[in-house]
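To start, the structure under review is shown below, and the notes come after it.
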């Protein structure tokens, strides 16, 4: 299965700033997914990133707050903009490994703390 | 009502115990059922997945799906301290819908 590298692994940020998370996959993949994992909450899909087109955002998430880039088939970035303490969370990048079922491989995650 | 409900625990058991982890769901269209394991400071990794109803066994792990009751379970036999992790159930319909995760159950197996 694919190996995913994410960075930063963790960061402490000030309110009002923005942070970009990078996701690198060791093989070419069509779709990459960005999830948020808040304490005590389910993994929530933020958006699906396709190479060569705009990302598709889930209800409750908007491009201005979470802009995504997908410049090629192995790389994507998620930016968390104008951060507030409510954005403190783990952000995970994932790719699909089995087209028969939506089986995902995840990166180790980026743990953000906003002060 | 959430689409997928999972008892968040934490659940603490002695080494060697049989562990039962459970999820209930409301969407009868779900066809694929998965269990992910997440160690501390790591991303979730797929443990098992099943299609439709029935049982699936892999070593010490057994996944069970009861679609009539909208209830899925993961059993861990002879639990080990290395099984200590958060276990997340996830499910999907067969129409290309997105994966829906439970909250995760935190399991601690004490030596």
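The values are calculated or read from the model by the stated rules, or taken from the named source; none is laboratory data. The structure presented is a predicted model; accordingly, all values stated were derived computationally and were not measured. Don't worry about glycine lacking a Cβ; one is built from the backbone with ideal geometry, like all the others, and counts go over all protein chains shown.
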- Message: Being within 14 Å of chain A (Cβ to nearest Cβ), in contact (Cβ under 8 Å) with a residue 60 or more places away in the chain, closer than 28 Å to residue A:4 by Cβ and surrounded by 19 or more Cβ atoms within 10 Å (Cβ to Cβ): is that true of residue B:49 here?
- Response: no
- Message: For the structure I just gave you, tell me whether residue A:63 is within 14 Å of another protein chain (Cβ to nearest Cβ) and either surrounded by 16 or more Cβ atoms within 10 Å (Cβ to Cβ) or modelled with pLDDT of 95 or more (or both).
- Response: no
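Per-residue answers, yes or no, for (1) in contact (Cβ under 8 Å) with a residue 12 or more places away in the chain; (2) farther than 19 Å from residue A:36 by Cβ; (3) in a strand (DSSP E or B); (4) away from chain A (no Cβ under 11 Å):
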position	(1), (2), (3), (4)
B:43	no, no, no, no
B:63	yes, yes, yes, yes
B:92	yes, no, yes, no
B:98	no, no, no, no
B:103	yes, no, no, no
B:109	yes, yes, yes, yes
- Residue count, the range B:3-41 (criterion: touching a residue at least 24 places away in the same chain (Cβ under 8 Å), assigned to a loop (DSSP other than H, G, I, E, B) and either within 20 Å of residue A:37 (Cα to Cα) or touching a strand residue (DSSP E or B) at 6+ places or on another chain (Cβ under 6 Å) (or both)): 9
- Query: Does the range A:29-37 contain at least one residue that is away from chain B (no Cβ under 13 Å), in contact with a strand residue (DSSP E or B) (Cβ under 6 Å, 6 or more places away or on another chain) and either surrounded by fewer than 13 Cβ atoms within 10 Å (Cβ to Cβ) or at pLDDT below 95 (or both)?
  - Reply: yes
- Message: Against the condition surrounded by fewer than 21 Cβ atoms within 10 Å (Cβ to Cβ), away from chain A (no Cβ under 12 Å), touching a strand residue (DSSP E or B) at 6+ places or on another chain (Cβ under 9 Å) and assigned to a loop (DSSP other than H, G, I, E, B), how does residue B:55 come out, does it pass?
- Response: no
- Note on the structure: Of all strands (runs of 3 or more DSSP E) fully inside the range A:71-115, the set with 2 or more residues that are more than 8 Å from chain B (Cβ to nearest Cβ) and touching a strand residue (DSSP E or B) at 6+ places or on another chain (Cβ under 9 Å) is A:75-80, A:89-98, A:110-114
